[in-house]
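Heads up: the structure comes next, in structure tokens.
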Amino acid sequence: MPLKGFDREIEQIKREVKLAKEIFNDRFSSEKINAGERHNFILLRLYTKTLKTCNAALVLIQEGYEEDAMAVLRVALETIITLRYISENPEIN
């Protein structure tokens, strides 16, 4: 159900989820995911956290808590930045 007046916020959530998926897919496109490997496990957890956080923000927006949703989206953005950094620097443990 589209929310009148919140199209920008909803599109921001969708962009963040898309970015998280792209980063994850780039990292694992030619590799088998091995959750036992620490690096892969961390990436997988950050990816999952980002998706759950963005979904929570969408629920907040739908319930009328727009300012709270923006705070939650900031956490998602910070997690995406961390996800990208770790995915591009596999030597970091």
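The values are calculated or read from the model by the stated rules, or taken from the named source; none is laboratory data. All of these numbers come straight from a predicted model, not from anything done at the bench. As a convention, Cβ positions derive from the backbone with ideal geometry for all residues, glycine included, and neighbour counts pool all protein chains shown.
Tabulated data
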{"quantity": "Given (1) modelled with pLDDT of 75 or more; (2) assigned to a helix (DSSP H, G or I), number of the condition GLY64 does not satisfy", "calculated": "(2)"}
{"quantity": "Residue within region 74-83 that is modelled with pLDDT of 85 or more and among the polar types (S, T, N, Q) present", "calculated": "yes"}
{"quantity": "Selection status of ARG74, free of Cβ contacts under 8 Å to residues at least 60 places away in the same chain, surrounded by fewer than 20 Cβ atoms within 10 Å (Cβ to Cβ) and either closer than 20 Å to ARG8 by Cβ or among the acidic types (Asp, Glu) (or both)", "calculated": "yes"}
{"quantity": "Selection count where residues are closer than 13 Å to GLU9 by Cβ and touching a Phe, Trp or Tyr at 6+ places or on another chain (Cβ under 7 Å), scope region 45-65", "calculated": "1"}
